[in-house]
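Student: This structure is in structure tokens; I'll ask about it shortly.
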């Protein structure tokens, strides 16, 4: 959906007139799911650009304030949820602005991120119905088709071996735990390279923690990946499933965006290459 600053301005001014005098500045590049504007010095406006992201504003507004006190890194702080209006069809979010730049690959960050997941997984799930039981097998056809599509770029045989190992790995048979759901390098903020915040909880849910094993294959190299895995205590089956999730999501993004967005091409090429490295 085409979303410009004029539309964002009208939505803010009509629904939250207390902020109508604040400057509104487009953040570029943003993610694939939202158009983001900075609102004054301390707020951001996030408008979903497609139907797959339309539940995120209400999801984050309900759950992030409950999770934040348990977590060792900053996460978004919802301020308000906007309503559909002025021809815009979906709910949208106003959150506190989180400053930061890129996070880098380091032992310190591997430890920080493992500790973040440990804390997230330990948050009590009382009252939560956010159980996500999607399994890798549901992505089998799409992932095999993607492997065939990229066979001229990557080693299709090696990709298939990783994928089939993930499918053979024993399933998670313990109580569901919280997962971020889209835990990769692009959803981190850093200060001088050190991780300070985790953002974009649109995939938040409870279930198999393997879903959050994208991070070691996007941010990290072999040495820091080993530190992360040891710190978090990831068993062989969860690691194998995690490689599968990292492969499936990396291939999906590569096939969808790499031909037109160079930064996605670079990031997903690294992700797929690191998955092959293990």
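The values are calculated or read from the model by the stated rules, or taken from the named source; none is laboratory data. A quick note: this is a predicted structure, and the numbers were derived from the prediction, not measured. Heads up, the Cβs are rebuilt from the backbone with ideal geometry, glycines too, and the neighbour counts pull from every protein chain shown.
Student: Could you tell me whether residue 98 is assigned to a helix (DSSP H, G or I) and surrounded by 12 or more Cβ atoms within 10 Å (Cβ to Cβ)? Talk me through it step by step, then tell me what you get.
Tutor: On the way: assigned to a helix (DSSP H, G or I): no; surrounded by 12 or more Cβ atoms within 10 Å (Cβ to Cβ): yes.
Against the criterion (assigned to a helix (DSSP H, G or I) and surrounded by 12 or more Cβ atoms within 10 Å (Cβ to Cβ)), residue 98 does not qualify.
Student: Only one of 195, 234 is free of Cβ contacts under 8 Å to residues at least 40 places away in the same chain, in contact with a helix residue (DSSP H, G or I) (Cβ under 8 Å, 6 or more places away or on another chain), crowded, with 18+ Cβ neighbours inside 10 Å and not in a helix (DSSP H, G or I); which?
Tutor: Numbers: 195 fails: free of Cβ contacts under 8 Å to residues at least 40 places away in the same chain.
Result of the check over 195, 234: 234.
Student: Let me ask you something else. Within the range 20-34, can you find the residues that are touching a helix residue (DSSP H, G or I) at 6+ places or on another chain (Cβ under 7 Å) and either part of a strand (DSSP E or B) or free of Cβ contacts under 8 Å to residues at least 60 places away in the same chain (or both)?
Tutor: 20, 24, 26, 34 - these are the residues of the range 20-34 that are touching a helix residue (DSSP H, G or I) at 6+ places or on another chain (Cβ under 7 Å) and either part of a strand (DSSP E or B) or free of Cβ contacts under 8 Å to residues at least 60 places away in the same chain (or both).
Student: Does any residue of the range 52-71 turn out to be under 30 Å from residue 222 (Cα atoms), touching a helix residue (DSSP H, G or I) at 6+ places or on another chain (Cβ under 8 Å) and surrounded by fewer than 21 Cβ atoms within 10 Å (Cβ to Cβ)?
Tutor: The answer is yes, given that some residue of the range 52-71 is under 30 Å from residue 222 (Cα atoms), touching a helix residue (DSSP H, G or I) at 6+ places or on another chain (Cβ under 8 Å) and surrounded by fewer than 21 Cβ atoms within 10 Å (Cβ to Cβ).
Student: Quick one: is residue 116 crowded, with 18+ Cβ neighbours inside 10 Å, assigned to a loop (DSSP other than H, G, I, E, B) and modelled with pLDDT of 95 or more?
Tutor: Judged against the criteria, residue 116 is not a match.
Student: Conditions first: (1) in contact (Cβ under 8 Å) with a residue 60 or more places away in the chain; (2) within 14 Å of residue 201 (Cα to Cα); (3) part of a helix (DSSP H, G or I). Residue 76 passes all but one, so which condition is the exception?
Tutor: Unmet condition: (3).
Student: Could you tell me whether residue 265 is in a helix (DSSP H, G or I), more than 23 Å from residue 167 (Cβ to Cβ), free of Cβ contacts under 8 Å to residues at least 60 places away in the same chain and out of contact with any helix residue (DSSP H, G or I) (no Cβ under 6 Å at 6 or more places or on another chain)?
Tutor: yes
Student: Now for a separate question. Testing residue 58 on (1) in the same structural domain as residue 15 (by TED's automatic domain parsing); (2) touching a residue at least 24 places away in the same chain (Cβ under 8 Å); (3) part of a helix (DSSP H, G or I); (4) within 29 Å of residue 272 (Cα to Cα), one condition comes back false. Which one is that?
Tutor: Of the numbered conditions (1) in the same structural domain as residue 15 (by TED's automatic domain parsing); (2) touching a residue at least 24 places away in the same chain (Cβ under 8 Å); (3) part of a helix (DSSP H, G or I); (4) within 29 Å of residue 272 (Cα to Cα), the odd one out for residue 58 is (4).
Student: Follow-up. Among the residues of the range 214-231, count how many are in a helix (DSSP H, G or I) and surrounded by 21 or more Cβ atoms within 10 Å (Cβ to Cβ).
Tutor: Number of matching residues: 6.
Student: Scan the range 38-51 for residues that are under 20 Å from residue 23 (Cα atoms) and surrounded by fewer than 18 Cβ atoms within 10 Å (Cβ to Cβ) and jot them down.
Tutor: If the condition is that a residue be under 20 Å from residue 23 (Cα atoms) and surrounded by fewer than 18 Cβ atoms within 10 Å (Cβ to Cβ), then 38, 40, 41, 42 are the ones that fit.
Student: Given the conditions (1) modelled with pLDDT of 95 or more; (2) at negative phi, and given that residue 129 satisfies all but one, which numbered condition is not satisfied?
Tutor: Residue 129 satisfies all of (1) modelled with pLDDT of 95 or more; (2) at negative phi except (1).
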